[in-house]
Amino acid sequence: DAGVIQSPRHEVTEMGQEVTLRCKPISGHDYLFWYRQTMMRGLELLIYFNNNVPIDDSGMPEDRFSAKMPNASFSTLKIQPSEPRDSAVYFCASTLSGNTIYFGEGSWLTVV
Amino acid sequence: AQSVTQLDSQVPVFEEAPVELRCNYSSSVSVYLFWYVQYPNQGLQLLLKYLSGSTLVKGINGFEAEFNKSQTSFHLRKPSVHISDTAEYFCAVSKGGATNKLIFGTGTLLAVQP
């Protein structure tokens, strides 16, 4: 099994630029999650999908953040425009409902 | 709403010594409980989970945890640690019914010294 695949692994961008993070969940999984990890706030759930439908986006910090899941094998998290305080590690995770949540290796974002 | 408290931000311990990482949760409903490990520059890996049944749960790498409902705790233990156990450990809770929407604690850095 390939696991949850995220890209890019590392990105450095300038303030104001658009950032797109990508995720391929484990095949057959019906839930997909986006988490953000920072030193100050720890691991925060941003949004999660069930069968490609957003279920809870209450953790999305503000309108600059958006997430989509056009099909069962792909999701994006977009930040536009990016700000230095968005610097963090963004994790994608997936699960088959009722089972273990599997995490990707993370996308390390630095906004300068 | 559920929440998780990990009181220790860092636990230093010598190699081959026992260790306990503490986790307390609060919830008005039945919960599922998890411990994840994060090695440097990597994602999170599941160590063990409690869904129901026996309150003593054994996981990978020799770790185990005990669910204590009366004390609302789910402490993680290992009788003898190795240098390779140095990592960040996260306790997490989710609402009963499905293992979705994990709420994480702030993490405990286990620093194993030779």
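The values are calculated or read from the model by the stated rules, or taken from the named source; none is laboratory data. Only a predicted model underlies this, so the values are computations on that prediction, with no experimental measurement involved. Because the Cβ atoms are built from the backbone with ideal geometry, glycine has one as well, and the counts that use them run over all protein chains shown.
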Point to revise | Enumeration of residues in the stretch A:69-98 that are in a strand (DSSP E or B), hydroxyl-bearing (Ser, Thr, Tyr) and more than 10 Å from every other protein chain (Cβ to nearest Cβ) | key: A:Ser75, A:Thr76, A:Tyr90, A:Ser94
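Kindly state which strands (runs of 3 or more DSSP E) lie completely within the stretch B:13-114 and contain at least 1 residues that are farther than 27 Å from A:Ser58 by Cα.
Values: elements: B:19-21, B:24-26, B:31-38, B:44-50, B:56-58, B:64-68, B:73-78, B:87-95, B:108-113.
Correct list: B:19-21, B:44-50, B:56-58, B:64-68, B:73-78, B:87-95, B:108-113.
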Exercise for review: Could you run through the stretch A:10-30 and say how many residues are surrounded by 12 or more Cβ atoms within 10 Å (Cβ to Cβ) and either modelled with pLDDT under 95 or charged (D, E, K, R) (or both)?
Suggested key: 5
Review point. Which one of the conditions (1) under 19 Å from A:Ala93 (Cα atoms); (2) more than 14 Å from the chain's Cα centre (by Cα) does B:Leu48 fail to meet, given that it meets all the rest?
Key: (2)
Check your understanding: Since A:Ser66 meets every condition but one in (1) in a loop (DSSP other than H, G, I, E, B); (2) touching a strand residue (DSSP E or B) at 6+ places or on another chain (Cβ under 6 Å); (3) surrounded by fewer than 20 Cβ atoms within 10 Å (Cβ to Cβ), which condition does it not meet?
Key -> (1)
Review point. Quick check: anything in the stretch A:19-39 aliphatic (A, V, I, L, M) and away from chain B (no Cβ under 14 Å)?
Key: yes
**Study point:** From A:Ser66, A:Ser58, residue being away from every other protein chain (no Cβ under 14 Å), over 23 Å from B:Gln38 (Cβ atoms) and without any contact (Cβ under 8 Å) to a residue 40 or more places away in the chain
**Key:** A:Ser66
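Could you count how many residues in the stretch A:99-112 are hydrophobic (A, V, I, L, M, F, W, C), part of a strand (DSSP E or B) and at the interface with chain B (Cβ under 9 Å from one of its Cβ atoms)? Steps first, answer last, please.
Residues of the stretch A:99-112 hydrophobic (A, V, I, L, M, F, W, C): A:101, A:103, A:108-109, A:111-112.
Going one step further and asking which of them are part of a strand (DSSP E or B), we end up with A:103, A:108-109, A:111.
This time we only want the ones that are at the interface with chain B (Cβ under 9 Å from one of its Cβ atoms), so: A:103, A:108.
Selection size over the stretch A:99-112: 2.
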Point to revise | Answer residue from the stretch B:36-63, given it is away from chain A (no Cβ under 12 Å) and closer than 17 Å to B:Leu109 by Cα and is surrounded by the most Cβ atoms within 10 Å (Cβ to Cβ) among those | key: B:Phe63
Study note, to complete from the structure: Of B:Val57, B:Val112, B:Val37, the only residue that is within 24 Å of A:Glu105 (Cβ to Cβ) and in contact with an Asp or Glu (Cβ under 7 Å, 6 or more places away or on another chain) is B:Val112
